[in-house]
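So the structure is just underneath, and the comments pick up after that.
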Amino acid sequence: MKRYCCLIFLILLLACSKDATNRNPYLLETNFRFELNLNLPLYTNLNTIGNPVYVGNNGVGIRGAYVMKVSPDSYLAFEASCPNHTPNECSTMVANGQNVVCPCDDLEYSLFNGFLTNTPDDGNRYYGLLNYRTSQSGSSVFIFN
């Protein structure tokens, strides 16, 4: 029995990957916590599924965040800075319905999942939107990292 436990532990240890290639090299992680009161007119769109809101307050992410209700009890929040560029003068995403577009390269990302909607077929690696955590308590949604 002891041998089987050691064998299972060894297999699990070897199966763990130290590959950090999923980390976006263009965007630094920032620590923040921000409350959105859904009773305020500024955030009432978040009471309906599929209506994104841009939160550009100081200290919220790098260039702000896009927040959207994606199901009756779930919200997603994404960094507003283009994920495939170091922050610069053109790298703040622009809303286009339920998507956001990077003005630097016209790449479009879904706010329902953070993935590219028009991935170029050029062999380069492209990153999805940087996701922030969310939680809801009563009429408040918190976004944080």
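The values are calculated or read from the model by the stated rules, or taken from the named source; none is laboratory data. Computed from a predicted model, the values in this text were never measured in an experiment. Because the Cβ atoms are built from the backbone with ideal geometry, glycine has one as well, and the counts that use them run over all protein chains shown.
Being more than 23 Å from P41 (Cβ to Cβ) and hydroxyl-bearing (S, T, Y) is a property that T134 lacks. Restricting attention to segment 45-87, which residues are within 17 Å of Q98 (Cβ to Cβ), out of contact with any strand residue (DSSP E or B) (no Cβ under 9 Å at 6 or more places or on another chain) and either β-branched (V, I, T) or in a loop (DSSP other than H, G, I, E, B) (or both)? Answer for segment 45-87, where residues must be within 17 Å of Q98 (Cβ to Cβ), out of contact with any strand residue (DSSP E or B) (no Cβ under 9 Å at 6 or more places or on another chain) and either β-branched (V, I, T) or in a loop (DSSP other than H, G, I, E, B) (or both): just P72.
Being crowded, with 21+ Cβ neighbours inside 10 Å, at pLDDT 95 or above and either in contact with a His (Cβ under 6 Å, 6 or more places away or on another chain) or over 25 Å from S140 (Cα atoms) (or both), is that true of even one residue in segment 65-83? Within segment 65-83 (the criterion being crowded, with 21+ Cβ neighbours inside 10 Å, at pLDDT 95 or above and either in contact with a His (Cβ under 6 Å, 6 or more places away or on another chain) or over 25 Å from S140 (Cα atoms) (or both)), the answer is yes, since at least one residue qualifies.
Conditions (1) more than 17 Å from the chain's Cα centre (by Cα); (2) modelled with pLDDT under 95; (3) not aromatic (F, W, Y), marked per residue:
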site: Y4; (1), (2), (3): yes, yes, no
site: E29; (1), (2), (3): no, yes, yes
site: R33; (1), (2), (3): no, no, yes
site: L36; (1), (2), (3): no, no, yes
site: L40; (1), (2), (3): yes, no, yes
site: Y43; (1), (2), (3): yes, no, no
site: G56; (1), (2), (3): no, no, yes
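Tell me the residue from G128, G64 that is under 15 Å from the mean Cα position of the chain (by Cα) and closer than 20 Å to P25 by Cβ, please. Explain how you work it out, then say what you get.
Details: G64 fails: closer than 20 Å to P25 by Cβ.
Residue meeting the stated conditions: G128.
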